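The values are calculated or read from the model by the stated rules, or taken from the named source; none is laboratory data. Quantities reported herein were computed from a predicted structural model and do not represent experimental measurements. In this analysis, Cβ positions are derived from the backbone assuming ideal geometry, glycine residues included, and neighbour counts consider all displayed protein chains. For accessibility, only protein heavy atoms count, side chains too; no ligands or nucleic acids. Shrake-Rupley method; radii C 1.70, N 1.55, O 1.52, S 1.80 Å.
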There are 2 protein chains.
Amino acid sequence: MPSRSERSLADRISAGGRRLTPQRVLVARALADARRALSAQELYDRLHTTQPRLGRATVFRALEAQVQDGMARRLERSGHVSVYVACDPEHHHHLVCERCERVEDLDEKLLQPLLRSVDSRYGFHVNHTALDIYGLCASCRRASRKAAG
Amino acid sequence: MPSRSERSLADRISAGGRRLTPQRVLVARALADARRALSAQELYDRLHTTQPRLGRATVFRALEAQVQDGMARRLERSGHVSVYVACDPEHHHHLVCERCERVEDLDEKLLQPLLRSVDSRYGFHVNHTALDIYGLCASCRRASRKAAG
DNA sequence: TTGACAATGATACTCGGTCTCAACTAGCCT
DNA sequence: AGGCTAGTTGAGACCGAGTATCATTGTCAA
């Protein structure tokens, strides 16, 4: 039942001062439903099968708009293609599971001590931080423990 | 007088089980001397003027090798081109000044508390983290304060 | 309803980065 | 020193993610 999230998706698109188009909703919903990081191309491939009229450039533009409006974040993986994750405005850092590829939000409060010491120790004034933590999420960890032991 | 750093550059290249070629030394030294993040293309442009025989692919390969050997780190900026910073093996996170583009190493110890709480709170097993902090370095901060006040 | 202007879709294009392959050379072995 | 061989180089073709262009379409405020 996507009523609530559906609603807020549309709201958030409009809130950015953008026109509410079916394509943008489509892309936003697909990304949110995926609950993991996807590249623009992956997203396009998925959507294009059921929406043959959807253009590739539109997907790129919609994702870029989402990033600007704080609805998504672009992760620059060590590979080379950018991948996108849906996120809410106050979560900009993620725990990325390398096994199941699920993405979890990191509580921003956990970063505060680090940022404070960067300021006090280096005299560095922080504007923004790019932090992504890669590893094994709790459930994959349990699974691998069970398999091993 | 680059004797010491020169020496260790060569050592570190060989230590990776790689052949010590003039090209690799060239690239490594240029990156280390820059003391800021540079894209492969920028590095190529700089070197190519004085070393016309140096190939573009060679620069890309040398940088990639440096990353693998822990001599450099690739920063995936929000733009799209990767930029590289020289770094020593135990520093993998950086403070990047948005004004002067200088790059400073972050003391890894400052990260420990964060990583511990990620483990205890989310049950997430950290493999590696990508952290880059953007803002104003101490000297640019002073300069802008002086100019403002 | 209508009209202005943002958004779309198709496609050409840019350009970072990789691949290929013949020529070369660092480093080892004798 | 001389030779061998596998790793490396350089040149350029190639790939593919992302962008620009532009005619067409659709949103939404008036």
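Kindly provide the helix-only [θ] at 222 nm of chain B, computed as the sum of -39,500 (n - 2.57) over DSSP H runs of four or more divided by all residues, to the nearest 500 deg cm²/dmol?
One gets -15000 deg cm²/dmol as the mean residue ellipticity at 222 nm.
Give the nm distances, rounded to one decimal, from A:PRO22 to the matching residue in every other copy, measuring between label points 7 Å along Cα toward the beta carbon; shortest first.
6.4
Leaving out ligands and nucleic acids, note down the accessible area per residue over chain A with a 1.4 angstrom probe, in whole Å².
56 Å²
May I ask for the angle, rounded to the nearest 10°, between helix A:40-50 and the longest principal axis of chain A, with both axes built from Cα atoms and the value confined to 0 to 90°?
Here the helix axis deviates by roughly 30 degrees.
By DSSP, what percent of the beta bridges with both residues in chain A are antiparallel, rounded to the nearest 5?
Percent antiparallel among DSSP bridges in chain A is about 75.
How much accessible area is lost when chains B and A come together, counting both sides, with a 1.4 Å probe, in Å² rounded to the nearest 100?
Approximately 3400 Å² gets buried when B meets A.
For A:GLU108 and A:ARG121 in one chain, what is 0.36 nm times their gap in residues minus the Cα-Cα distance, to one decimal in nm?
Gain in length upon complete extension: 2.6 nm.
In nm to one decimal, list the spacings between the B:GLN51 label point and its equivalents in the other copies, with label points set 7 Å along Cα to Cβ, shortest first.
The answer, with the shortest distance listed first, is 4.9 nm.
Can you give the accessible area of B:ASP45, probe radius 1.4 Å, in Å² rounded to 10?
80 Å²
Nearest 10 degrees, 0 to 90: what angle lies between the long axis of helix B:3-15 and the longest principal axis of chain B (Cα atoms)?
Between helix and principal axis, roughly 90 degrees.
To the nearest 10 degrees, how steeply does helix A:56-68 sit against the main Cα axis of chain A, on a 0 to 90 scale?
40 degrees
Using amide H atoms built 1.01 Å from N in the peptide plane, name the residues 5+ places from B:SER39, or on other chains, whose amide H lies under 5 Å from its own.
It is B:TYR84, by chain and number.
Any idea what Rg and Dmax come out to for the protein assembly as shown if you just take the C-alpha atoms, in Å?
Final numbers for Rg and Dmax: 21.8, 68 Å.
Can you sort A:SER117, B:SER14 by solvent-accessible area, 1.4 Å probe, largest first?
Ranked from most to least accessible, the order is B:SER14, A:SER117.
I'd like the Karplus ³J(HN,Hα) series for the stretch A:124-129: coefficients 6.51, -1.76, 1.60, θ = phi - 60°, whole numbers in Hz, and an x wherever there's a Gly or Pro.
The phi angles translate into 8, 8, 7, 9, 7, 10 Hz.
In Å, what Rg and Dmax follow from the Cα atoms of chain A?
Values for chain A (Cα only, Rg and Dmax): 17.5, 55 Å.
Please work out the C-alpha center-to-center distance from the stretch B:64-139 to the stretch A:96-149 and express it in whole Å.
13 Å
Could you tell me the relative contact order of the stretch B:1-89? Use alpha-carbon pairs under 8 Å, at least six residues apart, and round to a whole percent.
Dividing the mean separation by the residue count of the stretch B:1-89 yields 29 percent.
Label A:ASP33 and B:PHE60 with points 7 Å out from Cα along Cα→Cβ: what is the distance between them in nm?
Taking the simple label geometry, A:ASP33 and B:PHE60 are separated by 3.7 nm.
Using a 1.4 angstrom probe on heavy atoms only, work out the carbon and sulfur share of the accessible area of the protein assembly as shown in %.
Answer for the protein assembly as shown is 50 percent, counting heavy atoms of protein chains only.
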